[in-house]
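Student: Below is a structure I'd like to ask you about.
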Amino acid sequence: MFEWLVSPEAWIALGTLTVLEIVLGIDNIIFISILVGRLPEKQRAFARNMGLGLAMLTRLGLLISISWVMSLTKPWITLFSFDISGRDIILIGGGLFLLAKATHEIHNSLEGSEGNASVSTVGNLKMVLLQIAVLDIVFSLDSVITAVGLVEHISIMAIAIIFAVGVMLVAAKSIGDFVDRHLNSDVSLRYA
């Protein structure tokens, strides 16, 4: 299982995969920051850390089950001479969810629920964590598929994911503050 420890190529793969996991995780941090920004100030750090912890668990869980997802290549249905497999349905569904959620969040940030700019809408911690958990599943697919395509050893993939989430935990507050500052200033300038 850990025979790769003596292989320089494996260490290079670990470093490369860790960097890729960090890059692919930035969008996750941004969405978590937007959702966490709806919470009262005292709950934000907890929700941000819990969200990234959920992201790590989701990625590790998907990593373990990725062989099943990647094996769903047999066509389930055919539309307009295009074969659609289970893997395609999972990826299309995740993409549509992201588009809907992003559109909803942008609309609420700019227009609010009653047509007024809504810079800060107080959210419920449980609902925010639930939304983060669902988003983590969608955001984890690209990073796990990248990991499987790049490295053979599951242990290297798992270590890269854990390292990447550790880096994201350190950077999350700074990125969250940046997103909050710019999101709030853009909305207030637009409606000033």
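Please treat every number below as a calculation from the coordinates, not as lab data. This one's a predicted model, so the numbers in the text were calculated from it and none came from an experiment. Quick reminder, even Gly has a Cβ in these numbers, built from the backbone with ideal geometry, and neighbours come from all protein chains shown.
Student: Quick query: amide H of residue 85 versus all other amide H atoms, modeled in the peptide plane; which residues come in under 5 Å with a sequence gap of 5 or more or a different chain?
Tutor: Correct list: 76.
Student: Work out the FRET efficiency for residue 97 and residue 74 from their Cβ-Cβ distance, taking R0 = 30 Å, and round it to the nearest 0.05.
Tutor: E(calc), rounded to 0.05, equals 0.80.
Student: Also: How do 31, 97 line up, fewest other C-beta atoms within 10 Å first?
Tutor: In order of increasing Cβ crowding within 10 Å: 97, 31.
Student: Also: With Cβ to Cβ distances under 15 Å as the rule, what net charge do the other residues near residue 125 carry (K, R +1; D, E -1)? Walk me through the numbers before you get to the answer.
Tutor: Numbers: positive: 38, 42, 44, 48, 126; negative: 41.
Result for the local shell: +4.
Student: Oh, and also: What is the sum of charges around residue 167, taking Lys and Arg as +1, Asp and Glu as -1, for the other residues whose C-beta is under 15 Å from the C-beta of residue 167?
Tutor: Overall, the nearby charge balance is +1.
Student: Between residue 127 and residue 158, what is 0.36 nm times their sequence separation minus the Cα-Cα distance? Round to one decimal in nm.
Tutor: Gain on extension, residue 127 to residue 158, equals 8.3 nm.
Student: Determine the sum of side-chain charges near residue 68: Lys and Arg each +1, Asp and Glu each -1, restricted to other residues whose C-beta is under 14 angstrom from that of residue 68. Before the final figure, lay out each step's value.
Tutor: Details: positive: 74, 87; negative: none.
Local net charge: +2.
Student: Now, a different point. By average Cβ neighbour count within 10 Å, what is the ranking of 155-162, 125-132 from highest down?
Tutor: 155-162, 125-132
Student: Round to the nearest 0.05 the FRET efficiency obtained for residue 12 and residue 173 when R0 = 30 Å and r is the Cβ-Cβ distance.
Tutor: With a Förster radius of 30 Å, E is 0.45.
Student: Among 57-63, 75-81, how do they line up by average Cβ neighbours within 10 Å per residue, starting with the highest? The partial results should precede the final answer.
Tutor: Numbers: 57-63: 20.3, 75-81: 8.4.
For the peptides 57-63, 75-81, the packing ranking is 57-63, 75-81.
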